[in-house]
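The values are calculated or read from the model by the stated rules, or taken from the named source; none is laboratory data. Please read all numbers here as calculations on a predicted model, not as lab measurements. Every residue, glycine among them, receives a Cβ derived from its backbone with ideal geometry; neighbour counts consider all protein chains shown.
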Amino acid sequence: MVVVSVPCMNGGRGEASYAKNSDIQRTVISKAWPFLEETIKDMFSSSFPGCFNVADLGCSSGPNTFLVISKIIETIHKLYHQVNKKLPEFQVFLNDLPGNDFNSIFESLPDFYKRIKKDKFGPCFIAGMPGSFYERLFQSRSINFIHSSYSVHWLSKVPENLETNKRNIYITKSSPPSVCQAFLEQFQRDFSAFLSLRSEEIVSGGRMFLTFIGRSIADPSSKDCCRLWELLTKALIQLVNEGLVEEADVDSFNLPCYFPCEEEVKSIVREQGSFILDTFESFEVNWDPSDDVNNKSFVFNKDRCGQNVANSIRAVTEPTLASHFGNAVIDPLFARFATLVAEHLAVEKTKHISLVISMTRKQHAQP
């Protein structure tokens, strides 16, 4: 399965849409913002260009799409005011796969432009850029800053040679070593290609800021990144036992993603060689983003939390799952998944590990 042909998020504004079920991504953006803000401030410590070109890769749709862009523009606006410089013009490219719900993005543009005008920011021009970020997207040396949140852990395709990963849809403790190696090697190829492609598009000294799901330890089958998918697999197996899904269909399905550890990411950046790694940070986010220490009104209810998590995962994976198993299984699958997650959270509060990296394109680096 080639990922570029399968949209990764549910479009529209329905109950199962990404737009209505992307609170965890919003929480991640909020937690990553202090690091992103420092990156932007460092960019403008000496140079103040008249036009600033920004690209957001894996922008999806919904309320989060303009969240980071608005914050970036606001921060740059303040920096220019502090040194009495003329405000720059902004060119923003919003990238995602061709199947992304770009219509919803464009429909919300008037409100975005209205806010920009009200806050007296510099002129801002928004353009959609459909395509896979595992291919060239922009002109050579044309982008000053690239941002991507919760997208780069998606692979260009499902790794090959996973025939032995029976009754699993991702890496688990029962997966043979060859399966773990296949996922790692696909990520190494994809992330190295991603860096090489972006090095052609970013100006010398330009920056790239990435946030993605990872893990805190070297073991690729750790609960950091695998427990959630083990529960989704268990829900699929329940459907197999009920005769609603063929076991062969489960055996032939694997998620096109990989959740790396710190050293794997650093190693690829070093070996590819186009970027200087400025910042590497990590933080945790609860599976249910409403369960947060800052949410004083939160009262744990396992069934509600299980449903919240199921909704967020459905919004991200439904198109991929439906293309393989069919639309008819989606409702029963996520009903069972919600129950399994609720039972798990009643015993253990497991978290996503988010990795944050900030990089500078080397001067005169060869892609």
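If I go through the range 35-52 residue by residue, how many of them are under 28 Å from residue 285 (Cα atoms) and out of contact with any strand residue (DSSP E or B) (no Cβ under 9 Å at 6 or more places or on another chain)?
Qualifying residue count for the region: 2.
So in the range 86-107, with the set limited to residues that are assigned to a strand (DSSP E or B) and polar (S, T, N, Q), which one is farthest from residue 74 (Cα to Cα)? Don't jump to the end; show me each part of the working.
Narrowing the range 86-107 to residues assigned to a strand (DSSP E or B): 89-96.
Checking the rest, the ones that are also polar (S, T, N, Q) come to 91, 95.
Numbers: 91: 14, 95: 21 Å.
My answer is 95.
Filter the range 22-52 for residues that are assigned to a loop (DSSP other than H, G, I, E, B) and within 14 Å of the chain's Cα centre (by Cα) and give the result.
Initially, the range 22-52 is screened for residues assigned to a loop (DSSP other than H, G, I, E, B), giving 22, 44-50.
Scanning the range 22-52 gives a single hit, 22.
If you check residue 126 against the conditions, is it under 19 Å from residue 18 (Cα atoms), out of contact with any Pro (no Cβ under 9 Å at 6 or more places or on another chain) and aliphatic (A, V, I, L, M)?
Details: under 19 Å from residue 18 (Cα atoms): no; out of contact with any Pro (no Cβ under 9 Å at 6 or more places or on another chain): yes; aliphatic (A, V, I, L, M): yes.
When the stated conditions are applied, residue 126 does not pass them.
Looking at the structure I just gave you, is residue 55 out of contact with any Ser or Thr (no Cβ under 7 Å at 6 or more places or on another chain), aliphatic (A, V, I, L, M) and part of a loop (DSSP other than H, G, I, E, B)? Spell out how you get there, then give the answer.
On the way: out of contact with any Ser or Thr (no Cβ under 7 Å at 6 or more places or on another chain): yes; aliphatic (A, V, I, L, M): yes; part of a loop (DSSP other than H, G, I, E, B): no.
No; evaluated as a whole, the condition is false for this residue.
I'd like the residue in the range 314-336 that is more than 22 Å from residue 156 (Cβ to Cβ) and among the aliphatic types (A, V, I, L, M) and, out of all such residues, is surrounded by the most Cβ atoms within 10 Å (Cβ to Cβ).
333
Counting just the residues of the range 240-254 that are among the polar types (S, T, N, Q) and surrounded by 14 or more Cβ atoms within 10 Å (Cβ to Cβ), which one comes out farthest from residue 163 (Cα to Cα)? Steps first, answer last, please.
First, the residues of the range 240-254 that are among the polar types (S, T, N, Q): 241, 252, 254.
Filter again for surrounded by 14 or more Cβ atoms within 10 Å (Cβ to Cβ), leaving 252, 254.
Working: 252: 7, 254: 10 Å.
This residue is 254.
Taking only the range 207-249 into account, find how many residues are in contact with a strand residue (DSSP E or B) (Cβ under 8 Å, 6 or more places away or on another chain) and of a type in the set (Gly, Ala, Ser).
2
How about the range 288-313: which of its residues are modelled with pLDDT of 75 or more and of a type in the set (Asp, Glu)?
Within the range 288-313, the subset modelled with pLDDT of 75 or more is 288-291, 299-313.
Passing the criteria: 288, 291, 303.
Tell me, yes or no, whether the range 69-83 has at least one residue that is within 22 Å of residue 312 (Cα to Cα) and surrounded by 22 or more Cβ atoms within 10 Å (Cβ to Cβ).
Just the residues of the range 69-83 that are within 22 Å of residue 312 (Cα to Cα), to begin with: none.
So far as the range 69-83 goes, no, none of its residues is within 22 Å of residue 312 (Cα to Cα) and surrounded by 22 or more Cβ atoms within 10 Å (Cβ to Cβ).
Any residue at all in the range 73-86 that is closer than 30 Å to residue 10 by Cβ and aliphatic (A, V, I, L, M)?
Step one: list which residues in the range 73-86 are closer than 30 Å to residue 10 by Cβ, which gives 73-74.
Filter once more, keeping what is aliphatic (A, V, I, L, M): 73.
Yes, because at least one residue in the range 73-86 is closer than 30 Å to residue 10 by Cβ and aliphatic (A, V, I, L, M).
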